[in-house]
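Novice: Structure below; questions to follow.
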Amino acid sequence: MELAGKRIVLGITGGIAAYKAAELVRLLIKEGASVHVVMSEAATHFVTPVTFQALSGKLVFTDQWDPRVANNMAHIDLSREADALLVAPASADFLAKLAGGLADDLLTTLVLARDCPLLVAPAMNRQMWENPATRRNIAVLRSDGVSVIGPACGDQACGETGPGRMLEPEEIVDETIAHFQPQLLAGKRLLLTAGPTFEAIDPVRGITNLSSGKMGYAIARAAREAGAQVTLVSGPVSLPCPRGVTRISVTSALQMHAAVLGQVADNDVFVAVAAVADYRPAEPLDQKIKKAAQAAPPAIELVQNPDILGEIAALPAPPLCVGFAAESEKLAEYAESKRRSKKIPLIVGNLIHDGFGGDDNRLVLFDDEGQHALPVAPKIDLARHLVAHIAALLEKRQCTPASTG
Ligand code: C5P
């Protein structure tokens, strides 16, 4: 329930993507929001107000002169208590009106009379999106502080392919949730590793582990929500890349090592969440190992992988380094000893049976001040706590005069 207690006014304008707004209402309500729908006249040609009334459980407004509003002030009443105004789909015509400050129907009047954040999810044909007039309008809206979310690129209802598709309802909900997060890492750059690595033995076999990547991906999402520019170096996982995050996909520890070294410059924070294989086969084979009935099982010689986190922490001017310690026992002892040996300010400990593969986890943060326990919670909640802790450490570091050695 990430939008619990939030009152969202959802504006719907005329476009075929209006049918997806029905699902959007459902998802927003599922996250705990109360949703008040306002439709432009054009939108009612695509989906009827009855649909939204049934889904939202609230009256749907389409008309500035609605006789149900005693004071004729629907635009003021609706915007007064809204935590956010979200317009999805936002047509080219509607965006043009907004950019020009027009208020010729209920929705445009409501937008002009608001004192809450405005998010718009454009949806239109790709040529309309690329038209210089729309580009100009979008630039004006952005400079006015409007959050423009999307559009996506892909197949369009008109049969063409290109930019202009409205984001999917799930993505719009994620963007709305992100909008409510404090911008603790605004202007910062954060690099992180996540997932397992896969160390080839032969073309079809390898050494890997059960890391799902979920914790690392949740941290990437939380950091981006907090305003950071995030680069995620990911081992092989089947998770979608969080929106707005740059992902570099790798397979082996050596590839992860090379990608991190290539990216680390100018980052403020490095978070090593990946479960990097400690060892790799010394000589991966080009051909598949065949089973020979009489022969002894083959021996695989292993060599140690580079310690990516240790290397980054030892750079002359390292970013703020955060490590993870997944242990099966003696969490505090092992996590603290890792923190000391890698010389990093923060290590995040978790017991393997608490979190591996699941959606929830329990974490303990170890830093110079001691231990901070984060009780069992969804990984995204824990990730937001961790991001807040990292932001506080960054601030402390900036306030501490550099050591003269
Ligand atoms: O010492 P240990 O490998 O258990 O430390 C775990 C931490 O170090 C994790 O943050 C992990 O991502 C990082 N690590 C790494 N490179 C390795 C091994 C671990 O960055 N080769």
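The values are calculated or read from the model by the stated rules, or taken from the named source; none is laboratory data. Everything numeric here is computed off the predicted structure, so don't read it as measured data. All Cβ positions, glycine included, derive from the backbone under ideal geometry; neighbour counts span all protein chains shown. Side chains included, ligands, DNA and RNA excluded: accessible areas come from the protein's heavy atoms. Shrake-Rupley method; radii C 1.70, N 1.55, O 1.52, S 1.80 Å.
Novice: Pop the C-beta distance of Glu170 and Ser143 into the FRET formula with R0 = 22 Å and round what comes out to the nearest 0.05. Spell out each step's value before the answer.
Specialist: Numbers: r = 29 Å, r/R0 = 1.30.
Computed FRET efficiency for Glu170 and Ser143 comes out at 0.15.
Novice: Restricting things to Cα coordinates, could you compute the convex hull volume per residue of the range 175-313 in Å³?
Specialist: On the way: hull volume 15.0 nm³, N = 139.
Measuring per residue, one finds 108 Å³ for the Cα hull of the range 175-313.
Novice: Against the longest principal axis of the chain, how steep is helix 331-342, in degrees 0 to 90 to the nearest 10, with axes from Cα atoms?
Specialist: The helix 331-342 is inclined about 80 degrees to the chain.
Novice: Cβ neighbours within 10 Å, averaged per peptide: list 124-132, 23-31, 364-372 in order, most packed at the top.
Specialist: Values: 124-132: 16.7, 23-31: 18.8, 364-372: 15.1.
Most protected by this proxy first, the peptides run 23-31, 124-132, 364-372.
Novice: Leaving out ligands and nucleic acids, note down the accessible area per residue over the chain with a 1.4 angstrom probe, in whole Å².
Specialist: Working: 19610 Å² over 405 residues.
Ligands and nucleic acids excluded, the figure is 48 Å² per residue.
Novice: Viscosity 0.692 mPa s, temperature 37 °C: what is the translational diffusion coefficient of the chain from Stokes-Einstein with a Kirkwood Rh over Cα pairs, rounded to a whole number of µm²/s?
Specialist: Working: Rh = 23.9 Å.
For these conditions, the coefficient is 137 µm²/s.
Novice: Please give the direction-averaged projected area of the C-alpha convex hull for the range 240-293, in square nanometres with one decimal. Don't jump to the answer; show the numbers that get you there.
Specialist: Working: hull surface 26.2 nm².
For the Cα atoms of the range 240-293, the hull's average projected area reads 6.5 nm².
Novice: Once the piece of chain linking Trp65 and Asp368 is laid out straight, how much longer is it, given 0.36 nm per residue of separation minus the C-alpha distance between them?
Specialist: Gain on extension, Trp65 to Asp368, equals 102.8 nm.
Novice: Would you calculate a helix-derived [θ] at 222 nm for the chain, using -39,500 (n - 2.57) for each DSSP H run of n ≥ 4 and dividing by the full residue count, to the nearest 500? Write out the running numbers ahead of the final one.
Specialist: Working: 14 runs with 138 residues, N = 405.
Only helices count here, giving -10000 deg cm²/dmol.
Novice: Restricting things to alpha carbons, find the Rg to Rh ratio for the range 189-399 using the Kirkwood radius for Rh.
Specialist: On the way: Rg = 17.8 Å, Rh = 17.8 Å.
My calculation of the ratio gives 1.00.
Novice: Counting other Cβ atoms within 10 Å of each Cβ, which GluC sites (Glu not before Pro) in the range 284-340 have at most 12 and sit in a DSSP loop? Don't skip to the end; give the middle numbers.
Specialist: On the way: sites: Glu301, Glu311, Glu327, Glu329, Glu333, Glu336; in loops: Glu301, Glu329.
When the GluC sites (Glu not before Pro) of the range 284-340 are filtered for loop state and at most 12 Cβ neighbours within 10 Å, Glu301, Glu329 remain.
Novice: Under 27 Å from the Cα of Lys20, which lysines turn up, not counting those fewer than eight places away in the same chain?
Specialist: The qualifying lysines are Lys6, Lys30, Lys58, Lys97.
Novice: At 7 Å along Cα-to-Cβ for each site, give me the label-to-label distance between Asp155 and Ala314 in nm.
Specialist: Placing both labels 7 Å beyond Cα along the Cβ direction yields 5.3 nm.
Novice: Roughly how tilted is helix 132-143, in degrees to the nearest 10 and between 0 and 90, from the longest Cα axis of the chain?
Specialist: Helix 132-143 sits at roughly 70 degrees to that axis.
Novice: Taking 0.36 nm per intervening residue step and subtracting the Cα-Cα distance, what contour gain separates Thr51 from Glu81 on full extension? Walk me through the numbers before you get to the answer.
Specialist: On the way: separation 30, 0.36 × 30 = 10.80 nm, distance 2.36 nm.
Length difference between fully extended and current span is 8.4 nm.
Novice: Going 7 Å from the Cα of Ala258 toward and past its Cβ, which residues in the range 187-228 have a backbone nitrogen under 15 Å from where you end up?
Specialist: 198-200
Novice: Counting only DSSP beta bridges with both residues in the chain, what percent are antiparallel, rounded to the nearest 5? Could the numbers behind the result be given before it?
Specialist: Working: 20 of 62 bridges.
So the antiparallel bridges amount to about 30 percent of the total.
Novice: Another question, if that's okay. State, as an integer percentage, the relative contact order of the chain based on alpha-carbon contacts under 8 Å between residues 6 or more apart. If you can, show how the numbers build up before the last one.
Specialist: On the way: 827 pairs, mean separation 42.4, N = 405.
The normalised contact order for the chain reaches 10 percent.
Novice: Going by alpha carbons, how many degrees (0 to 90, nearest 10) lie between the helix axis of 214-225 and the longest principal axis of the chain?
Specialist: Between the helix axis and the principal axis of the chain, the angle is about 50 degrees.
Novice: Could you list the chymotrypsin sites (Phe, Trp or Tyr not before Pro) in the range 18-115 that lie in coil according to DSSP, counting only those with at most 13 other Cβ atoms within 10 Å of their Cβ? Each step should come with its number before you reach the end.
Specialist: Details: sites: Tyr19, Phe46, Phe52, Phe61, Trp65, Phe94; in loops: Phe46, Trp65.
Those that pass, being in a loop and sparsely packed, are Trp65.
Novice: Still on this structure: Report, in whole Å, the centroid distance computed from the Cα atoms of the range 221-283 and the range 29-105.
Specialist: For the range 221-283 versus the range 29-105, the Cα centre distance is 42 Å.
Novice: Right, here's the next one. Once you place label points 7 Å from the Cα toward the Cβ at Asp360 and Thr400, how far apart are they in nm?
Specialist: 3.5 nm
Novice: Loop-only GluC sites (Glu not before Pro) in the range 132-173, please: DSSP not H, G, I, E or B, and at most 15 other Cβ atoms within 10 Å. Could the numbers behind the result be given before it?
Specialist: Working: sites: Glu160, Glu170, Glu171; in loops: Glu160.
Passing both the DSSP loop test and the Cβ count: Glu160.
Novice: From the alpha carbon gyration tensor of the range 138-253, can you work out the equivalent ellipsoid semi-axes (sqrt of 5 times each eigenvalue) and give them in Å, largest to smallest? Don't skip to the end; give the middle numbers.
Specialist: Working: eigenvalues 199, 81, 25 Å².
Semi-axis lengths for the range 138-253 are 32, 20, 11 Å.
Novice: Tell me, in nm to one decimal, what length is gained between Ala293 and Lys58 on full extension, where the rule is 0.36 nm per residue of separation less the Cα-Cα distance? Numbers along the way, then the final one.
Specialist: On the way: separation 235, 0.36 × 235 = 84.60 nm, distance 7.26 nm.
Gain in length upon complete extension: 77.3 nm.
Novice: Each label point is 7 Å from the Cα along the Cα-to-Cβ direction; what then is the distance between the points at Arg205 and Asp286, in nm?
Specialist: My value for the distance between the label points is 2.0 nm.
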